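K.L.:
Structure in structure tokens, see below.
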Amino acid sequence: MRKNAITALASVLVVGMLAGCGKDPDARKKIVFIGYSSTNTFWITLKNSAEKTARKAGLDFADMTSSDPDVVAQKAAVDNAIRMGVAGLVIGPANSEGLGKSLDKAKAAGIPVVTVDTRVKHDWISSHVATDNVAAAELAGDYIVEKLGGKGKVLIIGGTVGVQTADDRRGGVFNKCKAAGITVLDFDANWKDDEANRIAQEQLAAHADIGAIFAACDPMILGAKVAVKRKGLLGKVLLVGFDAIPEALAAVKKGELDATVRQDPVRMGKEGVELMARILKGETDIPKSIAIKAVIVDKSNVDEYIK
Amino acid sequence: MIGDIRKQVIRSAESLAGLVAIVLFFVILSPSFRQWATLTDILEQSMELAILAAGTTLVLISGGLDLSVGSVMALCTCIAGSLLSGCQGQAVMSVAPAVALTLAAGLGIGLVNGITIKYTGVPAFIVTLGMMMIARGAALMLAAGRNMSDFSDAFLVLGGSHGYTVPLSITAAVIVVIALLLAMTRFGFNVYAIGGNEEVARLSGVPVKRYAIACYALGGLCAALAAIVQTSRFEFAKPNRGESWELMAIGAVVIGGTSLFGGSGGVGRTVIGVLIIKSLQTGLSHMGVGSYWQRILIGVVIILAVWIDRIQNRRRKT
């Protein structure tokens, strides 16, 4: 019974694949976007920008992002898109590995792939668009070093060790602080605000001379902020986050958070699709990667970014 | 019965001794740990886990298991967050009905868990594992693209915006109510009976299903309450809250000495278990030990606690 079901499923897949091969050459070219997560504000902005750019370039656009950042769902989406016979794929990978087999299939079908944000090691990737996390974190590092003026230790609350984004963000601030001769307290909170809150509370108790806290994402710095507020140190300890989520921007405006680093999802979506459009036109001078610059948002410019 | 109580007191004294030993260890070794602020730090960090674990204690004593409470916390956070965000007059409703609705949601999910387990025969592990995914998915869906912050002051009081007396009192109230429920009422007596031997309890006329379902419902209610305190304390809601908290809660219950297989234990011990976990984390943090080592050591303590328990039990029998 089960065997029959598998055979049936397999034949449906094969027929589907064959059907996909019969492309109509005059049809508008269709690109498929598979983002990191369809519930994340950053990625929703990025997708909207990608969609707008595709329309402008005369391309059909389909979004096949799943709600969770799940590499298995992404593989299924890539396989589906290949079967549909799309012209190109723009992917925001859920992690650095795991997409390999599906990318092999894209290669076999000759469908170009552009990745956004997280880099995947695969020879078929035509181009990669991302914020340079190290450079962005170094911006934050410079900001902290300048504002501290040589006084106090810096507490770094990192994401998850071994995740490229987390390592880059932590590393950027760490190196700048070390270069300035500042003592760094280095902890990880796995991207979680409650863990960041606990670590901040404990470290503020253990070290009376903490002058600044940097967290590798905004929810974590907001968690740390609660501890700082609790200890009556708001305004005395510099607080810098990363990502510029709406809650963090509101906190910057209120003066409870000093700064956050803003990546540019609008430009990332636009550049990704523009690259794809150029590839589909047959251009050959495609850059292997494009780095998008980040900006520091603090009280002086926060109004530009609050909708 | 008298012997049981004596055994319970001895067991509680043992975990309390463990807590004292851990605290003394850090007081001696870490100068910064040696201040009164550390005590309030640990209490503040323990509130939400203590509320959650109080519910878990009840479920475990009744012989059940609930893996969904961490995700239920996340869902309740998002429910409260979406009902209350925007204090500039844009909030969906005022604080009291929003809190009541959130608590009702937690209670309702607990009820669904209990009823499904007791009336379909699907094991608690499976039902609550499924509910863990359902609740997490619902939380993510509810949070999609939504900014859940900017709460009114009346809500922020619950998490300690005017001092931590309010959330600490909520925590203490939950613990006292569940402790009294277990120790002084027919409900408590029957819950121990069901956890001890469900068949015997049923044959002696205890409405087993109703009591077991009530335990899951109260567990869900505790998860909702923990979520409310945490959302208020952090001043914003996020769907990734409570990840693996169900296991941390079970860990705290077990370190405290409540049996994983039902029939014995108590909520007072669970509080000791929570304090052991939090003191360990705080103490190690003061000594500059990172969160990965903290996790490893808590894992070791969980195993050690149950091992010591077994040795003591064997000694008492002979």
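The values are calculated or read from the model by the stated rules, or taken from the named source; none is laboratory data. Note that this is a predicted model, so its numbers are computed, not measured. We place every Cβ from the backbone using ideal geometry, glycine too, and count neighbours over all the protein chains shown.
K.L.:
Tally the residues that are of a type in the set (A, V, I, L, M) and over 14 Å from A:Val240 (Cα atoms), restricting the search to region A:111-166.
P.N.:
Of the residues in region A:111-166, 13 are of a type in the set (A, V, I, L, M) and over 14 Å from A:Val240 (Cα atoms).
K.L.:
Sticking with this structure for a sec: Mind checking which residues of region A:41-93 are within 14 Å of chain B (Cβ to nearest Cβ), surrounded by fewer than 22 Cβ atoms within 10 Å (Cβ to Cβ) and outside any helix (DSSP H, G or I)?
P.N.:
A:Asp63, A:Ser66, A:Ser67, A:Asp68, A:Pro69, A:Asp70
K.L.:
In addition: Could you figure out which of (1) touching a strand residue (DSSP E or B) at 6+ places or on another chain (Cβ under 8 Å); (2) under 25 Å from B:Val122 (Cβ atoms) isn't true of B:Leu67?
P.N.:
For B:Leu67, the exception is condition (1).
K.L.:
Moving to a separate point now. Scan region B:181-192 and give yes if some residue there is without any contact (Cβ under 8 Å) to a residue 12 or more places away in the chain and either hydroxyl-bearing (Ser, Thr, Tyr) or closer than 30 Å to B:Asn240 by Cβ (or both), otherwise no.
P.N.:
yes
K.L.:
Which of (1) touching a residue at least 24 places away in the same chain (Cβ under 8 Å); (2) farther than 23 Å from B:Pro167 by Cβ is the odd one out, the single condition B:Ala13 does not satisfy?
P.N.:
Status for B:Ala13: all satisfied but (1).
K.L.:
Related question: Looking at B:Ala193, B:Ala179, B:Ala172, B:Ala201, can you tell me which residue is closer than 22 Å to B:Glu246 by Cβ and either crowded, with 16+ Cβ neighbours inside 10 Å or modelled with pLDDT of 95 or more (or both)?
P.N.:
Checking each option against the conditions leaves just B:Ala179.
K.L.:
Any chance you could count how many residues in region B:120-168 are polar (S, T, N, Q) and more than 10 Å from every other protein chain (Cβ to nearest Cβ)?
P.N.:
4
K.L.:
Considering only region A:238-281, how many residues are over 22 Å from A:Leu139 (Cα atoms) and either of a type in the set (Phe, Trp, Tyr) or not in a helix (DSSP H, G or I) (or both)?
P.N.:
So the answer is 1.
K.L.:
When you look at B:Glu44, is it of a type in the set (Asp, Glu), within 14 Å of another protein chain (Cβ to nearest Cβ) and under 18 Å from B:Asn240 (Cβ atoms), yes or no?
P.N.:
Spelling it out, it is not the case that B:Glu44 is of a type in the set (Asp, Glu), within 14 Å of another protein chain (Cβ to nearest Cβ) and under 18 Å from B:Asn240 (Cβ atoms).
K.L.:
Then there is this: Quick one: count up the residues across region A:176-190 that are over 9 Å from A:Ile157 (Cα atoms) and facing chain B (nearest Cβ under 7 Å).
P.N.:
Of the residues in region A:176-190, 0 are over 9 Å from A:Ile157 (Cα atoms) and facing chain B (nearest Cβ under 7 Å).
K.L.:
Within region A:219-247, how many residues are in contact (Cβ under 8 Å) with a residue 12 or more places away in the chain and more than 10 Å from chain B (Cβ to nearest Cβ)?
P.N.:
Residues flagged as in contact (Cβ under 8 Å) with a residue 12 or more places away in the chain and more than 10 Å from chain B (Cβ to nearest Cβ) within region A:219-247 amount to 15.
K.L.:
Here is a further query. Can you tell me which residue is surrounded by the most Cβ atoms within 10 Å (Cβ to Cβ) among those in region B:227-261 that are over 16 Å from the mean Cα position of the chain (by Cα) and under 29 Å from B:Ile303 (Cα atoms)?
P.N.:
Filtering first and then ranking leaves B:Asn240.
K.L.:
Just one of (1) assigned to a loop (DSSP other than H, G, I, E, B); (2) within 25 Å of the chain's Cα centre (by Cα); (3) at negative phi trips up A:Trp191, so point out which.
P.N.:
(3)
K.L.:
When you go through B:Thr116, B:Thr185 one by one, which is the residue that is polar (S, T, N, Q) and surrounded by 13 or more Cβ atoms within 10 Å (Cβ to Cβ)?
P.N.:
Only one candidate qualifies: B:Thr116.
K.L.:
Mind listing whichever residues of region B:84-116 are in contact with a Ser or Thr (Cβ under 8 Å, 6 or more places away or on another chain) and either on the phi > 0 side of the Ramachandran plot or at pLDDT 95 or above (or both)?
P.N.:
Passing the criteria: B:Ile109, B:Asn113.
K.L.:
Has region A:141-151 got any residue that is among the β-branched types (Val, Ile, Thr), surrounded by fewer than 23 Cβ atoms within 10 Å (Cβ to Cβ) and in the same structural domain as A:Ala212 (by TED's automatic domain parsing)?
P.N.:
yes
K.L.:
Being assigned to a helix (DSSP H, G or I) and among the hydrophobic types (A, V, I, L, M, F, W, C) is the filter here, so list the residues in region B:267-297 that pass it.
P.N.:
Residues of region B:267-297 that are assigned to a helix (DSSP H, G or I), as a first pass: B:267-286, B:291-297.
Residues satisfying the conditions are B:Val267, B:Val271, B:Ile272, B:Val274, B:Leu275, B:Ile276, B:Ile277, B:Leu280, B:Leu284, B:Trp293, B:Ile296, B:Leu297.
K.L.:
If a residue counts only when it is of a type in the set (S, T, N, Q), surrounded by 13 or more Cβ atoms within 10 Å (Cβ to Cβ) and under 15 Å from the mean Cα position of the chain (by Cα), which helices (runs of 4 or more DSSP H) contained entirely in region B:1-105 have at least 3 such residues?
P.N.:
Working: elements: B:2-29, B:36-61, B:69-84.
In region B:1-105, the matching helices (runs of 4 or more DSSP H) lie at B:36-61.
K.L.:
Then there is this: Condition first: among the hydroxyl-bearing types (Ser, Thr, Tyr), in a helix (DSSP H, G or I) and either free of Cβ contacts under 8 Å to residues at least 60 places away in the same chain or in contact with a Lys or Arg (Cβ under 7 Å, 6 or more places away or on another chain) (or both). Can you find one or more residues in region B:200-214 that meet it?
P.N.:
no
K.L.:
Pick from A:Asp167, A:Asp142, A:Asp193: which is of a type in the set (Asp, Glu), over 30 Å from A:Ala87 (Cβ atoms) and within 12 Å of chain B (Cβ to nearest Cβ)?
P.N.:
A:Asp193
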